[in-house]
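First up is the structure itself, then whatever we jot down about it.
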Amino acid sequence: MAAPWEDVLRDETAVQEAARVAVDAALLAGVLMRTEGEPNASDVVNYAPFTLLPSAVPSALFEQAYAVQQDFNLLVDAISQNKEFLERTLASTIKVDDFTARLFRIYMQVLEEGLAQSVFLGINRSDYMFDCGVDGTPALKQIEINTIAASFGGLTSRTVAVHGQVLKVLGKSKEASRLLPNNPSKGLALGIVKAWELYGSPSAVVMFLVEEVQRNIFDQRCVENELWNRNIRVIRRRFRDVFEKGSLDDARRLYMDGQEVAVVYYREGYVPKNYDQQNWEARLLLERSRAVKCPDIATQLAGTKKVQQELSQPGTLEKLLPGRAEAVARIRATFAGLYSLDVGEEGDKIAAMAITDPDRFVLKPQREGGGNNLYGEELRQVLEKIRDSPERTSYILMDKIKPQPAMNYLLRAHSPLQVSECISELGIFGVYVRQGKEMVMNEATGHLLRTKAIEHADGGVAAGVAVLDTPYLV
């Protein structure tokens, strides 16, 4: 899967010059993050980390990833509406994983009260790697699907121009012209716009629910500005603000500071450290409201690793997507091997197999946000410790994907310029809107390529490991 830059990588002078151009181009284009030292201030910013050169991606696998995204949108939506499936699938997990259990309790409480929400908005990102199996032919294999706070749709919209500029400086204008346009932030915003319109209150606002520490604010602003450009008011609030100032009226309309909220777009709330008791109460208030939540709590639960593992069981997809045999086949073709560690003979066998041969597998907890998975010796140690405990059911086991590495430079502020052996992960953004039982929007709205040095097993851009990239189709 070599991209046509081998000559460049050997030319140190050209690389140095291209790196200087690349950094300035990134700053000009707005590929920005706040700094670790001042994560809530925009008067000191730097460029978000990115690759010097676009990375090669097999065009057939790229097209396959796009082609299956609408199927995944339908699947996530179907799971979110299937109480029996969520209850059965998460039964063992919620006994041992307090975070998933608390989300599940809110889910059940809201269902018992009766859903006030009638419009549903999903913004997903399905992430893949290119697995070079025994024969070396790359295959598209899904790592996970993110159903809450899927990030970098904004910054990746701006990275293409940077890589185009770099290629031109290196005398590769023809290759630069082949980079695909990509604007996920616009597609994500159009989903929010559609949900806002269907909510049906022209004076209501869209609320971005944001973290206390907001290093990645510019990524969010890309989506936010698309809404302002359509004269839709946006407010940014934290869980703390919702707890202190949020309220519901008799019709369960949500109000913040006296303003009616049509859509709540979560960029927060996906890991346990996002919650204290007040924040859990705020989450419950939001879930009880009529506002369109992106995601609602059922959709967040649909993105758990335990659900991912259950989907790989024979017959499960057919039950969730009846009469859609082609969609089922497209989805199943992307699955890597997934194994349950539930208590019982089968789970015992799987755990023993992973302890014996830990380099074959990845151990995944029910967490989002990158940097949580366990590999190799660490995987073996953890599994040995919990093999006879119900705690093991809070994890799933997955075959380790083995992609073909390629050489590239990873540009990070205050880091030396050095070539690295790298692997990439492709994410496809999907957006859907459902009103009642009717799907009114279902689209793939752009892509995100992230690349990291091979010595890092796990972690994304926000976790400080991967960097932004642009696919160069080969």
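As a length-normalised measure over Cα pairs under 8 Å and 6 or more apart, the relative contact order of the chain settles at 26 percent.
Which net charge results when you count Lys and Arg as +1 and Asp and Glu as -1 among the other residues whose beta-carbon is under 11 Å from that of Val382? Intermediate values should be presented prior to the final figure.
On the way: positive: Arg380, Lys385, Arg387, Arg392; negative: Glu377, Glu378, Glu384, Glu391.
Around Val382, the charge tally is 0.
For Phe361, the residues 5 or more places off, or on other chains, whose built amide H falls under 5 Å of its own are Gly376, Lys400.
Using heavy atoms of the protein chains and a probe of 1.4 Å, the accessible area assigned to Met108 is about 40 Å². Ordering 344-353, 289-298 by mean Cβ neighbour count within 10 Å, with the highest value first, yields 289-298, 344-353. In the range 21-141, the C-alpha radius of gyration followed by the widest Cα-Cα span (Dmax) gives 21.4, 58 angstrom. Rolling a 1.4 angstrom probe over the protein heavy atoms with all chains in place gives the chain an accessible area of 41 Å² per residue. Remark: the range 337-400 is approximated by an ellipsoid whose semi-axes, taken from the C-alpha gyration tensor as √(5λ), come to 16, 13, 11 Å, largest first. Relative protection proxy for 114-123, 225-234, from highest mean packing down: 114-123, 225-234 (other beta-carbon atoms within 10 angstrom). Between Glu17 and Asn225, the simple label model (points 7 Å from Cα in the Cβ direction) yields a spacing of 3.1 nm.
In the complete set of protein chains, residue-level accessible area for Trp280 is approximately 20 Å², probe 1.4 angstrom.
Multiply the residue gap between Ala352 and Ile235 by 0.36 nm, knock off their C-alpha separation, and tell me the result in nm, one decimal place.
Values: separation 117, 0.36 × 117 = 42.12 nm, distance 5.07 nm.
Taking Ala352 through Ile235 to full extension adds about 37.0 nm, to one decimal.
Computed from point charges on the beta carbon alone (+1 for Lys and Arg, -1 for Asp and Glu), the dipole magnitude for the range 337-400 about its Cα centre is near 160 Debye. Taking the 1.4 Å solvent-accessible surface of the range 201-357 as the whole, the part contributed by carbon and sulfur is 47%.
The protection proxy used here, the mean number of other Cβ atoms lying within 10 Å of each residue, ranks peptides 235-248, 130-143, 46-59, 441-454 as follows, highest first: 46-59, 441-454, 235-248, 130-143.
By the rule of a C-alpha distance below 12 Å, with chain neighbours fewer than 8 residues away ignored, the aspartates and glutamates paired with Lys452 are Glu421, Glu425, Asp469.
Counting Cα-Cα pairs of the chain in 20 Å increments starting at 0 gives whole-percent bin shares of 24, 57, 19, 0. Only helices reaching 20 angstrom along their own axis (Cα) with mean Kyte-Doolittle hydropathy no lower than 0.0 count here, and for the DSSP H runs of the chain these are 12-29, 98-113, 155-169, 184-199.
For Leu317, neighbours were defined as the other residues whose beta-carbon sits under 12 Å from its Cβ, and their charges (Lys and Arg +1, Asp and Glu -1) total 0.
For the chain, the share of DSSP beta bridges that are antiparallel, to the nearest 5, is 80%. Excluding same-chain neighbours fewer than eight residues apart, the lysines reachable from Lys349 by a Cα-Cα span under 21 Å are Lys305, Lys306, Lys364, Lys385, Lys400.
Remark: spin-label model distance Asp257-Gln81 equals 3.7 nm, labels positioned 7 Å along the Cα→Cβ axis.
The values are calculated or read from the model by the stated rules, or taken from the named source; none is laboratory data. Keep in mind that this is a model prediction, so the values were computed, not measured. Please note: Cβ atoms are built from the backbone with ideal geometry, for glycine as well, and neighbour counts cover all protein chains shown. These area figures cover heavy atoms from the full protein model, side chains too; ligands, DNA and RNA do not enter into them. Shrake-Rupley method; radii C 1.70, N 1.55, O 1.52, S 1.80 Å.
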